Structures are given as structure tokens and as C-alpha cells.
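The values are calculated or read from the model by the stated rules, or taken from the named source; none is laboratory data. All values derive from a computational prediction rather than experimental measurement. Virtual Cβ from ideal backbone geometry, glycine too; neighbours counted across all protein chains shown. With ligands, DNA and RNA removed, areas are computed over all heavy atoms of the protein, side chains included. Shrake-Rupley method; radii C 1.70, N 1.55, O 1.52, S 1.80 Å.
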Amino acid sequence: MSRTDDVEVVSTGIEEARAAGWDDYVSRHPEGTGYHYLAWLQSISEAYGHRPWCLVALSPGGDLAGVLPLCEFRIPLLGAQWVSLPFCDLGGPLASSQKAAAALRDKAVELTRQRGGKGLNLRLPGEPVDEREEKALAKVSMICELPGSSDALFNSYKPKLRSQIRKAEKNGLRAEVTTRADAIEAFYRVFSVNMHRLGSPVHSLGWFQALQRSYGERMLTGLVWHGETVVGAGIVLINGTRASIPWASTLAEYNRLAPNMLLYWTLLAHVTDGGCHTFDFGRSTPGEGTYRFKKQWGAEPHELNWLDLKPDGQPEPARKSQQPGGLRNLLEATWRRLPLPVANLIGPGVRKYVSL
């Protein structure tokens with residue numbers, strides 16, 4: 001238990017946090033995201049075994065004044081890094097006051113000292129940045145404001161983008177958005193192939209199945225079909241009027257048919273008509289291909305205000321931008337040479353210890 005100026009912070013389990021109204025608080029908070037739901041921590045625990053911590057701030061009257069989802073992210077031989085939150089861009093405290101936010105942060109630092117670890121990583125949202133500012137940033141979060149209907153959204157696009165969407169449809173592709181559990185396996189077939197092509201260890205199928213069980217109707221799966229083959233797939237998390245897309249992939253041999261255009265349009269149209277006002281495209285490197293892809297849909301760059309704290313609570317020096325180097329390129333090339341079944345077998349064992 002921790003107390004700061006009459007704000008009391010307690011550490012609870014997932015079920016206790018749920019009973020205290022955690023998810024309802026997240027859904028009402030203006031900075032709440034789909035990642036802040038207890039489902040994210042629960043899925044991390046179920047799929048990968050990292051320990052979840054739910055920090056709850058209470059006002060003097062006992063009302064919920066803030067929450068902080070936290071993961072004790074332990075790596076064999078390397079110790080623990082306390083992260084809010086792993087496997088995504090955002091996390092950190094949601095609070096009704098600066099006092100409550102500070103109390104939650106103090107409690108997280110206290111846990112780091114008590115249980116041991118290299119420090120605390122809070123992945124906080126940042127403000128919009130202009131073109132001059134973004135050049136100094138290694139990564140930005142791409143956020144799009146949505147209008148009141150998919151018709152208005154489509155009409156806001158430039159003619160080139162509208163023609164690319166129509167091109168995918170003329171090429172015989174069709175798309176759907178579903179919450180069916182069996183859609184996860186269809187998504188994973190595309191996702192795992194794409195990760196192998198990129199030279200990156202893949203998440204386990206069990207991770208995505210745990211997410212689907214935990215999020216239920218708050219998790220959407222978009223699928224693009226060419227005949228009877230799924231050639232594009234993506235996952236969207238819904239929190240009130242905010243939608244976030246943590247993963248999307250296509251099969252490279254079908255990219256000439258523009259499945260990525262139909263995938264994103266179908267998901268954007270669905271969440272817009274469903275009442276979402278904001279679409280989080282995730283992080284990108286300014287100026288690179290994924291950045292330009294997201295910007296054409298109306299997304300604008302926002303700073304990712306990630307904060308690293310030492311076990312004593314003092315800020316770590318700012319990290320230098322890490323550019324792809326020779327070792328990284330070698331590792332990616334080596335991973336691509338692995339047979340796909342082998343990469344899919346050993347990849348999750350590696351990926352569970354990569355917090356980004």
C-alpha cells in the first residue's frame with residue numbers, strides 16, 4: 001500500500017481490479033486505450049507467464065481515482081524490467097488528477113525496488129508534432145481523427161487513394177470484419193508468414209487466442225480474401241470511441257492486388273460507422289514507407305513520450321535513436337533463411353522476451 005497526499009494506491013490482482021471498476025474507468029478516461037483494459041495484462045499472463053500488477057488509486061472517499069497496468073517482465077539471466085505496457089506502444093497511468101498519477105508512479109517505483117529490476121518503462125502518449133519536430137524523433141505515433149460516417153471518410157480521401165481501394169475490389173478481393181474465434185487462425189497464417197519475410201520472431205498463436213478470449217467483442221479481426229485464400233489480415237482493439245490497430249499483414253505475392261488498401265479501408269469504415277472518433281495506426285519512423293502509408297489515410301504524427309526510470313525513481317538518460325545496423329541486418333537475414341515451420345516453432349520462445 002502506498003499513500004501520497006491522501007491518495008491511496010493499492011496493488012491488486014486482475015479479478016479484484018475488475019471488481020473495482022477498472023475497465024469502466026478505462027473506457028471513460030479521455031486517454032484510455034484498448035491496451036489499458038485488463039484483457040491485455042490477462043493475455044500476457046496466460047500466453048507468456050509474465051506477472052501482471054494492477055495498481056489502483058483511491059480517493060479519500062474510496063472512489064477510483066486512477067489505474068496503472070504494469071508487467072513484471074523478467075528475462076532469464078537478465079533480470080526484470082517493469083513495463084507499462086509490453087508488446088504495444090502505449091500504457092502508463094490513467095488518473096483523475098496529477099496527484100493520483102504521481103501516487104501511481106511512486107507505487108510502481110516502490111515495487112521495482114522491493115522486487116528487484118533494472119527499472120521502470122512507462123509508455124506515455126505525447127502531443128502532436130509538426131514536420132520540423134518529427135525529424136528529430138526516432139518513432140512517432142500516427143493518429144487519425146474520424147468523421148461521423150464512412151461516406152464522409154471516403155469522400156475526404158484524395159482521388160488516388162479512393163482509386164486504390166476500388167482497385168482492390170475490381171481485382172476480386174473481398175473483405176470482412178468479424179469477432180469469430182476461428183478468424184484468429186486465419187489471421188495468424190498471414191501474420192506468421194509476413195513476420196518470417198521481415199526476419200522477425202513471431203508471437204505465438206496462443207497469444208492471439210488469449211487476446212480474443214479476453215477482449216471478446218472489443219477485438220475485431222479484419223480479413224481480406226482472394227477466392228478461398230486469406231491474403232490480408234489485421235486486428236483492431238476498441239475502447240469506447242477509440243480504435244487501435246496493433247497488427248496488420250498481407251501475403252507479399254498478392255500485394256499487386258492491393259489487399260492492404262482494402263484491409264485498412266474495411267476496418268476504418270467499420271469502426272467509423274460503429275461510433276469511433278479516433279484511429280490509432282501505431283508507431284512509425286518519420287519519412288519511411290509505413291509512415292507515408294498511414295499519413296495518406298489522414299493520420300498525423302504524435303510524440304511517443306516514453307519514460308525510463310531507475311529503481312530509485314530518477315529518469316534514465318534519453319535513449320539514442322537505434323538505426324538498423326550490420327548485426328541486426330545479419331540476424332534478420334538469418335531468420336528469413338529458417339524454414340517457416342521452424343521459425344514459427346522457436347519464434348514465440350524468443351518473442352515473449354522482446355517487450356516492443
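Take the Cα gyration tensor of the stretch 164-203, multiply each eigenvalue by 5, square-root it, and list the three semi-axes largest first, rounded to whole angstrom.
24, 17, 7
Let me spell out the model: positive unit charges on the Cβ of Lys and Arg, negative unit charges on the Cβ of Asp and Glu, origin at the Cα centre of the chain. What dipole size does that give, in debye rounded to 20?
1380 debye
Based solely on its DSSP helices, what 222 nm [θ] is calculated for the chain when runs of n ≥ 4 H residues each add -39,500 (n - 2.57) and the sum is averaged over all residues, nearest 500 deg cm²/dmol?
-11500 deg cm²/dmol
Going by the alpha-carbon gyration tensor, a ≥ b ≥ c the square roots of its eigenvalues, is the stretch 133-207 rounded (a/c under 1.5) or, if a/c is not under 1.5, prolate (a/b greater than b/c) versus oblate?
Here the stretch 133-207 falls in the oblate category.
Using the Kirkwood radius over Cα pairs, work out the Stokes-Einstein diffusion coefficient for the stretch 86-134 at 25 °C and 0.890 mPa s, in µm²/s as a whole number.
Translational D for this selection: 191 µm²/s.
Roughly what % of Cα-Cα distances in the stretch 214-356 sit above 28 Å, to the whole percent?
Pairs farther apart than 28 Å: 35 percent.
Accessible area per residue for the chain in Å², computed with a 1.4 Å probe and the full protein assembly in place, what is it?
That works out to 47 Å² per residue.
Over the chain, what relative contact order in percent results from Cα pairs under 8 Å that are six or more residues apart?
Taking the mean separation of contacting Cα pairs over the length of the chain, I get 22 percent.
So which GluC sites (Glu not before Pro) in the stretch 1-109 pass both tests, a DSSP loop state and at most 15 other Cβ atoms within 10 Å of the Cβ?
Within the stretch 1-109, the qualifying GluC sites (Glu not before Pro) (loop, at most 15 other Cβ atoms within 10 Å) are Glu31.
Output the pairs from Lys135/Lys160; Lys107/Lys135; Lys139/Lys352; Lys107/Lys295 with a Cα-Cα distance over 28 Å in this structure; if there are none, say none.
Over 28 Å Cα-Cα: Lys107/Lys135; Lys107/Lys295.
Straight-line reach from Lys118: which aspartates and glutamates fall under 14 Å, measuring Cα to Cα and dropping same-chain residues less than 8 apart?
List returned: Glu72, Glu110, Asp308, Asp312, Glu316.
Peptides 88-96, 164-172: what's the order by average Cβ count within 10 Å, highest mean first?
Per-residue Cβ counts within 10 Å, averaged per peptide and sorted highest first, yield 88-96, 164-172.
Go from 0 up to the bin containing the longest alpha carbon distance in the stretch 62-177, width 5 Å each, and give me the % of pairs per bin.
P(r) for the stretch 62-177, in whole percents per bin: 2, 9, 12, 12, 12, 13, 11, 9, 8, 7, 4, 1, 0.
Using a 1.4 Å probe on the protein heavy atoms, what percent of the accessible area of the stretch 249-351 belongs to carbon and sulfur?
C and S fraction of accessible area: 55 percent.
Considering the alpha-carbon set of the chain alone, what are its Rg and its Dmax in angstrom?
20.5, 63
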